[in-house]
1. Rounded to the nearest 5, what % of the DSSP beta bridges within segment 414-559 are antiparallel ones?
2. Per the 1.4 Å probe, what fraction of the accessible area of the chain, in percent, lies on carbon and sulfur atoms?
3. If amide hydrogens are placed 1.01 Å from N in the peptide plane, which non-local residues have theirs closer than 5 Å to the one on VAL122?
4. Can you bin segment 262-373 into rounded, prolate or oblate? Criterion: square roots of the alpha carbon gyration tensor eigenvalues sorted a ≥ b ≥ c, rounded for a/c under 1.5, prolate for a/b above b/c, oblate for the rest.
5. Could you sort the peptides 187-199, 251-263, 289-301 by per-residue average Cβ neighbour count (10 Å cutoff), highest mean leading?
6. For LEU161, what accessible surface area do you get with a 1.4 Å probe? Give it in Å², rounded to 10.
7. For segment 235-284 and segment 88-117, what is the separation of their C-alpha centers, rounded to whole Å?
8. From the backbone phi of segment 265-281, what are the Karplus-calculated ³J(HN,Hα) couplings (6.51 cos²θ - 1.76 cosθ + 1.60, θ = phi - 60°) in whole Hz, Gly and Pro given as x?
Amino acid sequence: MTIGTDTALHRIIEAVDAISTTAASHQRCFVLEVMGRHCGYLALVAALACEADFVFVPEYPHKEGWKDKLCKKLQSERDVGQRLNIILVCEGAIDMQGNSITATQVQELVQTRLSYDTRITVLGHVQRGGRPSAFDRILATRMGAESVLALIEAKSDSPALIISLDGNQVVRKQLMQCVQKTLNVQKCMKDQKFEDCVSARGRSFEGNLNIYKILSRLEPPKTASTENLCSSKYSFAVVAVGAPACGANAAVRSFVRMSLVKGYKVMGVLDSLSGLSKGNMKILNWMDVHGWAAKGGSMLGTKRTLPKDVGIESIANQIRDNKIGGILFVGGFEAYQAVVQLVEAQHLYSSLKIPLLVIPSTISNNVPGTDFSLGCDSSLNEIVSICDRIKQSALGSKRRVFVVETMGGYCGYLATLAGIAGGADAAYINEEDFTCSDLIKDCDHMSTKMENSQIKRGLILVNEKANTNFNTDFIFHLFSESGRRSFSTRSNVLGHMQQGGSPSPFDRNMGTKLGTKAAQKMITLCEKNLAEDGTVVATDPDCAVLVGVIRRKTEYTPVMELAKRTDFRFLAVLILS
């Protein structure tokens with residue numbers, strides 16, 4: 001990704017979410033034109049994030065008969081009660097012959113053949129403006145720092161470099177090599193070698209396209225419908241554990257649909273582990289999870305209870321009685337703990353010897369085995385947005401310092417990243433010890449800033465459990481007293497608003513990808529550990545894994561291996577060197 005891409009996706013998703021609310025009173029089809037004259041990345045990722053019904057991108061033109069296919073799909077969706085249709089058109093979209101496809105052409109097609117009330121929205125330069133997302137602010141900071149290091153290390157014969165993002169790592173690549181790759185994409189499009197063009201865009205683009213093609217169906221293939229399941233004697237279950245986080249519903253949606261495509265029934269567990277212990281489940285069909293990608297919170301219901309709290313024996317009995325062959329846990333540190341407890345009890349209950357997968361979903365980002373957890377990007381955007389408004393309020397009242405408390409438990413991820421994205425003067429976290437002397441020095445620095453700088457405001461971020469004694473209230477009073485001759489101080493505790501809101505495009509996209517990969521991994525493990533009687537018996541440590549993103553790829557790390565590196569006393573991860 002380049003700087004600005006995530007912000008543009010925010011503008012697109014905000015527009016789609018706003019348009020979607022009109023479906024409550026109108027049955028309409030909306031055609032949105034998004035930027036991308038020579039690249040369909042924005043349109044494709046936005047389509048994945050907002051569950052668009054159809055998308056047109058230049059790298060992958062629809063085959064002959066796309067008009068019939070589009071109209072048939074829209075008609076089928078109306079027949080099952082869907083009130084809103086979203087079609088995304090990249091401004092550079094073409095057909096197989098290289099002819100341009102415009103939003104107007106799509107509108108006329110839908111109106112002529114289906115007589116649907118169809119409206120066009122051209123987002124245009126709206127996508128370039130607005131408040132930068134937290135992701136883009138952090139990315140720009142990281143790239144700027146890497147650029148300085150590259151300049152310092154450069155020699156007279158060093159090749160020209162470009163600073164880019166590969167996975168979640170900022171890397172240096174030779175400029176001319178990147179230019180050649182771009183020219184290769186253009187050549188493939190000119191020669192109408194569209195499959196090669198998709199591959200040339202990279203693994204991420206190709207993966208997004210493949211996932212979209214699977215998940216955007218109106219129903220699973222006939223050979224894999226719930227009326228014609230494979231001959232397996234088991235089904236999958238999905239349960240949410242821990243605090244709610246944005247992106248979790250997107251993960252559940254993609255897991256359910258990918259499992260159905262492969263011919264497996266999925267049981268949705270209601271009310272977290274309490275519901276699992278009581279057998280409170282329901283079968284999730286294809287359309288049951290429609291629209292979940294855009295919803296925050298947990299549609300299944302979630303709690304912080306653990307297996308030992310509700311009874312491991314009752315959970316084991318329900319798994320046996322409902323013939324569950326694998327369980328996906330979506331949640332934070334509690335979900336990870338739950339799987340650890342179930343694995344430890346496998347020698348007591350044979351029904352627990354099944355694949356157990358965890359998708360990390362918590363704003364605290366304190367789960368081991370992954371660099372990112374679902375929800376932390378949405379939470380960062382909420383924090384940064386609030387901090388922006390807080391700092392703006394100080395423009396009128398000069399010489400004011402704001403002490404803002406963020407969530408995160410003992411993990412300082414939110415405070416640290418929000419400090420970078422929001423331009424904070426200091427961020428106090430549990431991982432970095434600080435003393436009263438450090439606080440006084442920071443207060444003196446703030447006084448000097450107010451006296452000698454043109455910036456007459458300050459922002460201090462405090463992780464909610466940064467220090468038992470030097471808590472937010474203590475820091476607020478210290479700054480209020482020590483700096484009273486130079487500035488006034490205000491305190492803000494953001495609280496649970498950090499868990500709410502609409503999922504960010506990043507969380508929707510990552511949740512969709514992780515859910516898809518979890519389903520594929522679950523199926524592989526079940527087929528590998530299938531017994532002669534048709535049941536699943538999985539005892540290998542690799543059958544209980546956490547599905548995480550580490551550096552540049554998705555990793556499946558055994559939970560018992562992670563447990564050896566985890567300090568459960570503080571629910572914080574201590575990676576042993």
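1. Looking only at bridges with both residues in segment 414-559, the antiparallel portion is about 70 percent.
2. Within the chain, the accessible surface is 50 percent carbon and sulfur.
3. The answer is GLU33.
4. Oblate.
5. My ranking of the peptides, most packed first, is 251-263, 289-301, 187-199.
6. 80
7. 37
8. Taking θ as phi minus 60°, the curve returns 7, 10, 9, x, 8, 8, 6, 6, 5, 4, x, 5, 5, 9, x, 7, 9 Hz for segment 265-281.
The values are calculated or read from the model by the stated rules, or taken from the named source; none is laboratory data. As the structure is a computational prediction, the values presented were derived from the model and not from experiment. Every residue, glycine as well, gets a Cβ built from its backbone with ideal geometry; the counts of neighbours run over all protein chains shown. Quick note on the areas: whole protein, heavy atoms, side chains included, nothing else; ligands and nucleic acids left out. Shrake-Rupley method; radii C 1.70, N 1.55, O 1.52, S 1.80 Å.
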